[in-house]
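The values are calculated or read from the model by the stated rules, or taken from the named source; none is laboratory data. This one's a predicted model, so the numbers in the text were calculated from it and none came from an experiment. Positions of Cβ are backbone-derived with ideal geometry, glycine not excepted, and every protein chain shown enters the neighbour counts.
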Ligand code: TYD
């Protein structure tokens with residue numbers, strides 16, 4: 001097991017780290033099977049994972065994070081505890097093997113939810129990010145963007161909401177704005193998917209972006 005943090009991605013191989021982000025109800029999870037198929041077409045190993053979670057410990061922390069009320073900074077620390085484990089056990093070894101790693105959420109979600117929506121200071125998250133990830137960043141981030149009303153409407157017709165999904169429209173607006181700001185600050189890494197369209201059109205946008213990325 002990795003004891004220190006040499007999180008530097010081996011540059012000699014073409015490993016790629018892809019993350020999916022967006023508000024609850026933006027519909028990103030629907031597109032995962034198709035993205036996996038596209039990545040598999042290259043005959044490279046594909047590791048599909050998620051946050052919070054991705055490891056046995058991470059999934060136990062996810063249960064707490066999604067259902068237990070807690071201070072926003074406790075939440076942030078637990079997100080990064082789960083992330084540390086996820087990087088050590090899953091993400092870094094997979095990238096070192098040359099795999100494509102697809103993660104349903106990563107650190108941008110902490111900036112959007114814990115900083116943007118819940119007011120945790122960005123400097124604190126930056127310090128944790130530096131500690132846990134060093135220089136490791138996703139190579140591509142698909143941001144599924146929808147207006148807040150659409151996200152709320154989709155959630156209300158879905159399954160039983162978790163802690164985050166029961167929040168107010170104002171909370172969701174702060175998440176959306178924080179994500180869009182992250183995208184603006186990292187224009188090369190982020191690709192915004194307009195998810196306020198029929199499923200087939202969203203899928204076509206995703207396909208275009210992934211195809212372009214794999215070239
Ligand atoms: P989500 O990825 O939407 O899974 P599901 O589709 O099963 O609901 O749920 C994860 C929740 O965790 C989501 O509401 C966002 C939240 N979250 C944070 O608040 N901070 C983080 O750093 C991460 C990774 C997730």
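The residues of the range 53-76 that are assigned to a loop (DSSP other than H, G, I, E, B) and touching a residue at least 40 places away in the same chain (Cβ under 8 Å), listed by number, are 54, 68, 69.
Residues being within 21 Å of residue 28 (Cα to Cα) and in contact (Cβ under 8 Å) with a residue 40 or more places away in the chain are represented in the range 77-89 by at least one member. In the set (1) modelled with pLDDT of 95 or more; (2) touching a strand residue (DSSP E or B) at 6+ places or on another chain (Cβ under 8 Å); (3) crowded, with 21+ Cβ neighbours inside 10 Å, the condition left unmet by residue 50 is number (3). Mind checking which pairs have a first residue in the range 179-192 that is over 17 Å from residue 110 (Cα atoms) and a second that is in a helix (DSSP H, G or I), Cβ under 7 Å, 6 or more apart or different chains? Hits for this filter: 191/209; 192/183. Taken over the range 160-196, the criterion of being farther than 19 Å from residue 52 by Cα and within 11 Å of the ligand (Cβ to nearest atom) is satisfied by 171 alone. Where helices (runs of 4 or more DSSP H) fall wholly inside the range 147-215, the ranges with 1 or more residues that are over 30 Å from residue 68 (Cα atoms) are 169-185, 199-214.
Listed conditions (1) away from the ligand (no atom under 13 Å from the Cβ); (2) closer than 25 Å to residue 186 by Cα; (3) out of contact with any helix residue (DSSP H, G or I) (no Cβ under 8 Å at 6 or more places or on another chain) are all met by residue 39, apart from (3).
Within the range 152-181, the residues that satisfy the criterion of being more than 20 Å from residue 72 (Cα to Cα) and over 17 Å from the mean Cα position of the chain (by Cα) are 152, 153, 154, 155, 156, 157, 158, 159, 160.
So for the range 128-138 (the condition being near the ligand (Cβ under 10 Å from one of its atoms), out of contact with any helix residue (DSSP H, G or I) (no Cβ under 8 Å at 6 or more places or on another chain), outside any strand (DSSP E or B) and at positive phi), does at least one residue qualify? No, the range 128-138 contains no residue that is near the ligand (Cβ under 10 Å from one of its atoms), out of contact with any helix residue (DSSP H, G or I) (no Cβ under 8 Å at 6 or more places or on another chain), outside any strand (DSSP E or B) and at positive phi. Residue 105 meets the conditions (1) under 26 Å from residue 34 (Cα atoms); (2) more than 12 Å from the ligand (Cβ to nearest atom); (3) at pLDDT 95 or above in every case but one. The failed one is (2). For the residues 82, 94, the requirement of being farther than 18 Å from residue 165 by Cβ, within 11 Å of the ligand (Cβ to nearest atom) and part of a helix (DSSP H, G or I) singles out 82.
You will find that of 120, 132, the residue that is at pLDDT 95 or above and under 21 Å from residue 173 (Cβ atoms) is 120 and no other. Out of all the residues in the range 152-164, is one or more under 12 Å from residue 23 (Cα atoms), touching a residue at least 24 places away in the same chain (Cβ under 8 Å) and crowded, with 23+ Cβ neighbours inside 10 Å? No, there is no match, as no residue in the range 152-164 is under 12 Å from residue 23 (Cα atoms), touching a residue at least 24 places away in the same chain (Cβ under 8 Å) and crowded, with 23+ Cβ neighbours inside 10 Å. For the range 108-127, the candidate set comprises residues that are more than 22 Å from residue 188 (Cβ to Cβ) and part of a helix (DSSP H, G or I); within that set, the residue that is nearest to the ligand (Cβ to nearest atom) is 113.
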